Structures are given as C-alpha cells and as structure tokens.
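First the structure, in the form of structure tokens, and then the observations on it.
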Amino acid sequence: MNPTSSRALGVMLVFLAFGIPVAGHAADAPLEYRIERIAAAGGFDGQTCWVHARAGAIPAKGPGNPGATPLIVMTMQKLLLTGSDVFYPLHNLWTDDLGTTWTEPQLQTVFERQKMGDDVEMTVCDFWPKWHAASGKLLGTGHTVWYQNNRVMSVRKRHTAYAVYDPAARAWGPWKELEMPDDPRFANAGAGCTQRVDLPGGDILLPIYFKRPEDKVSSTTVVRCRFDGQALRYVEHGSELATEVPRGFGEPSLVKFGERFFLTIRNDQRGYVTSGADGLHFDAPQPWTFDDGTELGSYNTQQHWVAHSDGLFLVYTRRGAGNDHVFRHRAPLFLARVDPERRCVIRASEQVLVPERGARLGNFGVTYVSPNETWVTAAEWMQPRGVEKRGSDNRVWVAKIKWSKPNRASD
C-alpha cells in the first residue's frame, strides 16, 4: 500500500468467545470465535453519508495480489440526506494489511450517473463484491436505479448490474447488465444487496427479486449464471417465491451449509427463511423465529449469512433490543447461530456484532477473508437527521469474526 494514500484509523477491540451445541447434529458441535471491531472510514459532513459498505477479498498470492495477506476491496457510495435512496457513484477503498490501514475512498468514474433523458439519470447501487475462484476475478453485483429530478422513479426498469475489478489499476471496469429472459416479469429485476453462492465448477447462484415495472409486489428467485471472467450470462432460474404481504419478497440472500442451500428474504412485516437441495428450488418460506418459537422481530430490512464449515450463523437486526429510537429497529447488528434443521435462530447464541449509536446499520455485507476470518461491514446510515446526537458519525464498521478452528467453507 502506498503510505501517502493510506491512513490508520482508531481501533476498538472487543473480544468475545462463544460456542453453543445443538443436540444431536454433528455439524452443530460447539464453535468458538471472537469479535474484533475496527473502523475503515468515518466522519459526517451533515449533507451526505456513506452507505452500502461491502467488501470482497482477493486471496493472498492470488491473481492480482502477490502479497502474503488477502487484498480487501470495499465499495460504498454517498447518500443524499434530504432524499430517499438518492445515491451517488460508487467509491473504492482497500487494505492489504487486514484493516490496519485503508486507502481514502476513491471515486469510480465508471459508475457516474448516466443521462437517460430530460431530468432522468441512472446509476448502480446496492453493490456487493465477491471473489470468484474459478475465474480468478473479483466480481461485484448490484442493480440499477433510475431518478427523475433526483427522485427515484416509481415506475422504472431495473437490471442486475455487474462489474469486474482490475487489481493492477485498483479500479472497477465498466459495468454491464445481466440479460434476462424477454418476459415483462423481469423488466424490473435485480440483485441489489443479495448474497450469492459460487459453485465449485464456476457457475454462480445469484438471488434476485423481480416484478413488472407497474406492479407493487416483488417475487424472489435464484438465477444460475455462467461467468467467464468478463461476461455474466443467464442460464436458468428456479422457484419463484411470492407473498401478497405489502411489497412482497426482496433482497434475498443465499448460502450453502452442509448439503443444503438456505435463503433468507426481506419482507415489510417479517423476515423469511427457506431451504432447498440444489440452490434453485426451495420449500415454502416460513417466518424467522427463535428456537423457542417466538418471532425473531427482524422486519423491512435485509438479513445475511455467515457460514463456517462447523456452523451456520445469521446477521440481522430486530425489535425488542431497547432500540425503539432507531429507524425500523435497524441497529444494533446481531450475530446468532442457526439451527439448520428447524430453520430458526438459537436465542442463547445471540451476540451484538456491531453496536447501536443512533444510526441504522441494516444495509451491510459479509466477506469471507480467510479460513480464520469472516468480516461483516456496515456503515452508519445517518437518516433521519439527528441520529448523530446519540454518537453516530457515519463510521464504516468492520466486525472481524475470528474463528477458533479453520473454516473449510469458502463462502
């Protein structure tokens, strides 16, 4: 890393050790870990704030990374506080020393807004970088958003957007759109904020949510894609999961644990979970609950997975944590173990992963860094105005989960 373009940020260390068994399941033996929290960026200008902080890791000695440690590339973008989901171009920052120092965020000009007509612009948001081992590329996915007079258009097209990182240039290449079947249902379809699974042969299982542009309710599916290192191509899609609850299903995230695939899905009233054998076809979704049968309390925001070969975990926000002052109860971020057979959260395993300081933390990412570390990244979203009075300063958190035993999973 060039020292003139890097900076060391204040570091807060919190170490927790925790392990919990689920009786009768060999895959759920006690698993200990500790959590270390650091800041990758921060500072609030009162007009905009960083959001959608998510990272991907180029392995040590991997293509484009001759170093002895993973190269962590984080993307995020500015949000206009006076609007609703008014985003500006993606920025890029990176660390080659596991977060001790980070570069300053650098504008990625390929993501500048595009003029689409009078007072109409388009950009990419809800981006998520992830290493694609088969091609040796860092591939990011998200979706497009259209604005008219700097407000999100209520009836609009939407596409999955993707881009490939160039480690030599330390920059993202031009973004492209994933071509979907010529069907009105997929005219508004994208992979915003979704967590994908890469199969051993290189195929990608990419969750999306979709609808006709004029519809009010979205459905969810998983698309199997083929990626050759440059182009991402649709192959097929699986079960189309739907509900009539307002706005339907959105922001699905996928993980593979053991021999099954698990999908967690956002809904306005409650989060849902389902599983299936092949990553494309799934059982009927059920609401997330704790293992005692009570509702988890996560609603109208995303949940994502942390997978270790010896245990499956969920990262989420929820009601009932002394957080009624937080917008949609989207902070703190919790980490808890999942019972994969009952598809529920083990209440006794719940830990605060990222603390609540007034601002919401619901838009976050998960990064497999190495067999010893998984990171969760989240930016303090500074809406509504006044959250800074409780201590938030638009800090970009990195919560390092450091495993007591090596993780044989690669996601």
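The values are calculated or read from the model by the stated rules, or taken from the named source; none is laboratory data. Every value quoted in this text rests on a predicted model; they were computed, and no experiment measured them. Neighbour counts run over all protein chains shown; Cβ positions are idealised from the backbone, glycine included.
Details
- Count of region 108-126 residues, restricted to those that are outside any strand (DSSP E or B) and of a type in the set (A, V, I, L, M), is 1.
- Selection count, region 118-133, where residues are among the charged types (D, E, K, R), touching a residue at least 12 places away in the same chain (Cβ under 8 Å) and either under 20 Å from K157 (Cα atoms) or exposed (fewer than 14 other Cβ atoms within 10 Å of the Cβ) (or both): 3
- Taking the listed residues V164, V145, the one that is outside any loop (DSSP other than H, G, I, E, B), within 22 Å of E214 (Cβ to Cβ), in contact (Cβ under 8 Å) with a residue 12 or more places away in the chain and within 21 Å of the chain's Cα centre (by Cα) is V145, with no other qualifying.
- Options N407, N394, N363: the member that is over 23 Å from N92 (Cβ atoms), modelled with pLDDT of 95 or more and of a type in the set (S, T, N, Q): N407
- A residue that is under 22 Å from E177 (Cβ atoms), acidic (D, E), over 21 Å from the mean Cα position of the chain (by Cα) and surrounded by fewer than 21 Cβ atoms within 10 Å (Cβ to Cβ) occurs somewhere in region 99-117.
- Looking across W375, W403, W397, one residue alone is hydrophobic (A, V, I, L, M, F, W, C) and surrounded by fewer than 24 Cβ atoms within 10 Å (Cβ to Cβ). It is W403.
- Residue count, region 220-251 (criterion: within 19 Å of the chain's Cα centre (by Cα) and of a type in the set (S, T, Y)): 2
- Every residue from region 316-342 that is in a loop (DSSP other than H, G, I, E, B), in contact (Cβ under 8 Å) with a residue 24 or more places away in the chain and surrounded by fewer than 18 Cβ atoms within 10 Å (Cβ to Cβ): A321, H325, E341, R342
- In region 81-90, residue nearest to A171 (Cα to Cα) [restricted to those that are surrounded by fewer than 20 Cβ atoms within 10 Å (Cβ to Cβ) and within 19 Å of the chain's Cα centre (by Cα)]: P89
- Selected residue (criterion: surrounded by the most Cβ atoms within 10 Å (Cβ to Cβ)) from residues of region 140-155 that are out of contact with any strand residue (DSSP E or B) (no Cβ under 8 Å at 6 or more places or on another chain) and on the phi < 0 side of the Ramachandran plot: R151
- If the condition is being within 21 Å of H304 (Cβ to Cβ) and of a type in the set (A, V, I, L, M), then region 195-231 contributes V197, L199, I204, L205, L206, I208, V222, V223.
For (1) of a type in the set (S, T, Y); (2) in contact with a strand residue (DSSP E or B) (Cβ under 6 Å, 6 or more places away or on another chain); (3) closer than 24 Å to N300 by Cβ; (4) modelled with pLDDT of 95 or more, each residue gets a yes or a no:
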site	(1), (2), (3), (4)
T160	yes, yes, yes, yes
R170	no, no, no, yes
G190	no, yes, yes, yes
R224	no, yes, no, yes
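- Condition broken by V352, with the remaining ones in (1) more than 16 Å from V255 (Cα to Cα); (2) in a strand (DSSP E or B); (3) within 15 Å of the chain's Cα centre (by Cα) satisfied: (3)
- Qualifying residue in region 318-328 (condition: closer than 17 Å to R196 by Cβ and in contact with a helix residue (DSSP H, G or I) (Cβ under 9 Å, 6 or more places away or on another chain)): no
- Odd one out for L296 among (1) surrounded by fewer than 20 Cβ atoms within 10 Å (Cβ to Cβ); (2) aliphatic (A, V, I, L, M); (3) closer than 29 Å to R360 by Cβ: (1)
- P246 meets all of the listed conditions (1) over 27 Å from L79 (Cβ atoms); (2) modelled with pLDDT under 95 but one, namely (1).
- In region 383-391 there is no residue matching the filter, namely being outside any loop (DSSP other than H, G, I, E, B) and touching a strand residue (DSSP E or B) at 6+ places or on another chain (Cβ under 7 Å).
- Yes/no for N65 being touching a residue at least 60 places away in the same chain (Cβ under 8 Å), crowded, with 17+ Cβ neighbours inside 10 Å, of a type outside the set (K, R) and in a loop (DSSP other than H, G, I, E, B): yes
- Count - residues of region 127-137 that are in contact with a Gly (Cβ under 6 Å, 6 or more places away or on another chain) and either part of a loop (DSSP other than H, G, I, E, B) or over 18 Å from T109 (Cα atoms) (or both): 5
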